[in-house]
1. Would you check if Gly102 is within 13 Å of the ligand (Cβ to nearest atom) and more than 14 Å from Thr26 (Cβ to Cβ)?
2. Here are some residues: Val32, Val127, Val105, Val81. Which one is within 18 Å of Ala183 (Cα to Cα), of a type in the set (A, V, I, L, M, F, W, C) and touching a His at 6+ places or on another chain (Cβ under 8 Å)?
3. Could you grab me the full set of residues in the stretch 169-204 that are farther than 19 Å from Glu15 by Cβ, within 16 Å of the ligand (Cβ to nearest atom) and not in a helix (DSSP H, G or I)?
4. Pull out all pairs, ordered by first then second residue, where Cβ-Cβ is under 6 Å, the residues are six or more apart or on different chains, the first lies in the stretch 130-142 and is within 8 Å of the ligand (Cβ to nearest atom), and the second is open to solvent by 60 Å² or more (accessible area, probe 1.4 Å).
5. May I ask you to say which residue of Gly132, Gly179, Gly138 is over 21 Å from the mean Cα position of the chain (by Cα) and either under 25 Å from Asp6 (Cα atoms) or crowded, with 16+ Cβ neighbours inside 10 Å (or both)?
6. Open to solvent by less than 50 Å² (accessible area, probe 1.4 Å) and either under 27 Å from Ala57 (Cα atoms) or not in a loop (DSSP other than H, G, I, E, B) (or both) - does that describe any residue in the stretch 207-217?
7. Looking only at the stretch 83-138, how many residues end up being closer than 21 Å to Arg167 by Cβ and in a loop (DSSP other than H, G, I, E, B)?
Amino acid sequence: MKFFIDTASLKEIREAASFGILDGVTTNPSLVAKEGNVDFREHIRTICEIVNGPVSAEVVGQDFESMLKEGRENARIHPNVYVKVPCTVDGLKACHALSSEGVHVNVTLIFSAPQAMMAAKAGASFVSPFVGRLDDIGTDGMELIQELVEIFDNYDFDTEILVASIRNPLHLIESARMGADIATMPFSVISQMIKHPLTDIGNKKFLEDWNTVQGKKK
Ligand code: G3P
């Protein structure tokens, strides 16, 4: 399973990359906006220099022509850029056009299996179902992942399932058990994944025991 970080923060990306677990990065306009008034394309280029893997750069245009133009510009930033488009009619057209030109496309804001199938048929390299936001409205987000894994396996779609809007380590465990290809997580979830209270307690005890004996030796 590939681990991506869902952030535009260079500090968080550098820190997660130093753990040796990072396979890629996803950004979206909200995440980039959190970084202040940055030059978007320069920022994406810097991320591509930190992480050697797919880096999603989303378009903000809403009609086909603007998405195509922006998508082509984003794709030129670096070979690892995956152009992210929303799962709308125009987004689907842009996905088809860009992927026909050899550009990798990540279709985002997916909330149903038919949306994901449409994106896969239109040439998406990644589909991004948002599990947390489905949970937010009282729908089980993980059920969608189960459906997508089953459907994509049935028909050997090459499109990878990128589980997004992950809010906690349980989302990750379930995604991995179901066989999703990629999980993109905020830095807070990546940090939670490393921690266990028994590790901290055990580590403290090891150190205390060691120091007790060392103290006696003196
Ligand atoms: O990758 C999608 C993600 O950024 C959305 O997460 O927590 O805002 O639903 P969230």
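The values are calculated or read from the model by the stated rules, or taken from the named source; none is laboratory data. Values in this document were obtained by computation on a predicted structure and should not be read as measured data. Note that we place each Cβ from the backbone using ideal geometry, even for glycine, and neighbour counts take in every protein chain shown. Quick note on the areas: whole protein, heavy atoms, side chains included, nothing else; ligands and nucleic acids left out. Shrake-Rupley method; radii C 1.70, N 1.55, O 1.52, S 1.80 Å.
1. Here the answer is no, as Gly102 does not meet what is asked.
2. Within the list Val32, Val127, Val105, Val81, the selection yields Val81.
3. Ala180, Asp181, Ile182 - these are the residues of the stretch 169-204 that are farther than 19 Å from Glu15 by Cβ, within 16 Å of the ligand (Cβ to nearest atom) and not in a helix (DSSP H, G or I).
4. Correct list of pairs: Gly132/Arg167.
5. Gly138
6. So far as the stretch 207-217 goes, yes, one or more of its residues are open to solvent by less than 50 Å² (accessible area, probe 1.4 Å) and either under 27 Å from Ala57 (Cα atoms) or not in a loop (DSSP other than H, G, I, E, B) (or both).
7. The number of residues fulfilling the criteria is 5.
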